[in-house]
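Presented below is the structure to which this report refers.
Read-outs throughout are calculated quantities, based only on the coordinates presented, and are distinct from any laboratory measurement. No experiment lies behind these values; they were computed from the predicted model shown. With ideal geometry, Cβ positions are generated from the backbone for all residues, glycine too; neighbour counts draw on all protein chains shown.
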Amino acid sequence: MELAYYSDYAVRLVNTEEPARGKDALTSVEAVRDLFGPSQSAARRATDADVTRFRSVRARLRSVFEAADAGEERLAVDLLNSLLLEFPVSPQISGHDFRDDDGRPLWHMHLADHPSNATAGYAAIAAMGLAFHLTEYGVDRLGLCEAAPCRNAYLDTSTNRSRRYCSDRCATRANVAAYRARKRLEADRSERTGLAADSAQPSSAQGDRRPGLRGR
């Protein structure tokens with residue numbers, strides 16, 4: 001399994017909250033367990049106490065994305081390093097679930113689950129995965145959706161570093177909003193131009209007041 005795959009753990013956790021909308025999906029131990037995906041053995045360790053702990057880690061991971069999105073490269077790295085120090089991982093060579101044509105294991109690097117609690121295990125994997133993504137692709141590949149009020153986190157894997165939105169839905173919504181804003185601006189300009197042209201035309205009443213016409 002590619003280690004950069006684990007960066008999705010960070011994105012999934014950060015996006016359980018939408019601060020601008022006042023929404024938070026991380027409200028129960030079941031929501032915590034859902035974040036682990038197919039890793040059911042790790043999910044089973046989650047307890048009610050992990051809800052609060054997960055929220056704390058989520059806020060710190062969002063700070064990494066916010067710093068990266070603002071172009072504060074050094075701050076993003078420092079924030080991520082602090083998570084790596086607090087939640088270390090145990091990399092291992094693994095061959096489970098992957099076999100070649102002869103039935104031999106396809107050896108790959110795997111990040112072992114942290115044994116202490118669910119939060120520590122998830123945070124360790126999420127931070128390490130994000131670190132691999134950052135060092136492989138660059139800090140500017142960590143972004144926050146520009147489609148207000150979304151601000152979901154995303155990982156830019158585009159070839160030209162052009163991604164600006166977390167999803168096609170947000171991209172479409174932003175493009176429609178921008179199109180409507182342009183149309184309103186064009187309409188306002190057209191209206192102002194028409195009013196200016198009308199005000200520049202002399203009225204018939206003004207023409208009758210010219211000198212020399214009064215005695216006729």
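The figures follow:
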quantity	calculated
Sparsely packed chymotrypsin sites (Phe, Trp or Tyr not before Pro) within segment 65-130, loop by DSSP, other Cβ within 10 Å at most 12	Phe98, Trp107
Sequence-distant residues sharing a close amide H with Arg163 (under 5 Å, placed H)	Ser158
Distant-in-sequence amide H partners of Ala112 (H built 1.01 Å from N, under 5 Å)	Ser90, Gln92
Low-density loop cleavage sites - trypsin sites (Lys or Arg not before Pro) in segment 1-67, where at most 16 other Cβ are within 10 Å (DSSP)	Arg44
Taking the convex hull of Cα positions in segment 64-168, its mean projected area over all directions (nm²)	9.0
At 1.567 mPa s and 4 °C, Stokes diffusion of segment 1-139 via Kirkwood alpha-carbon radius, µm² per second	82
Under the Karplus curve 6.51 cos²θ - 1.76 cosθ + 1.60, θ = phi - 60°, whole-Hz ³J(HN,Hα) for segment 80-86, x wherever Gly or Pro sits	6, 4, 5, 5, 5, 5, 6
Calculated from backbone phi, Karplus (6.51, -1.76, 1.60) coupling profile of segment 133-150 in Hz, x at Gly/Pro	5, 4, 6, 7, 10, x, 5, 6, 8, 9, x, 10, 3, 8, 7, 4, x, 4
Globularity ratio of segment 1-76, using Cα Rg and 2.2 N^0.38 Å	1.18
Placed amide H near Asn152: partners under 5 Å, 5+ positions off or other chain	Cys145
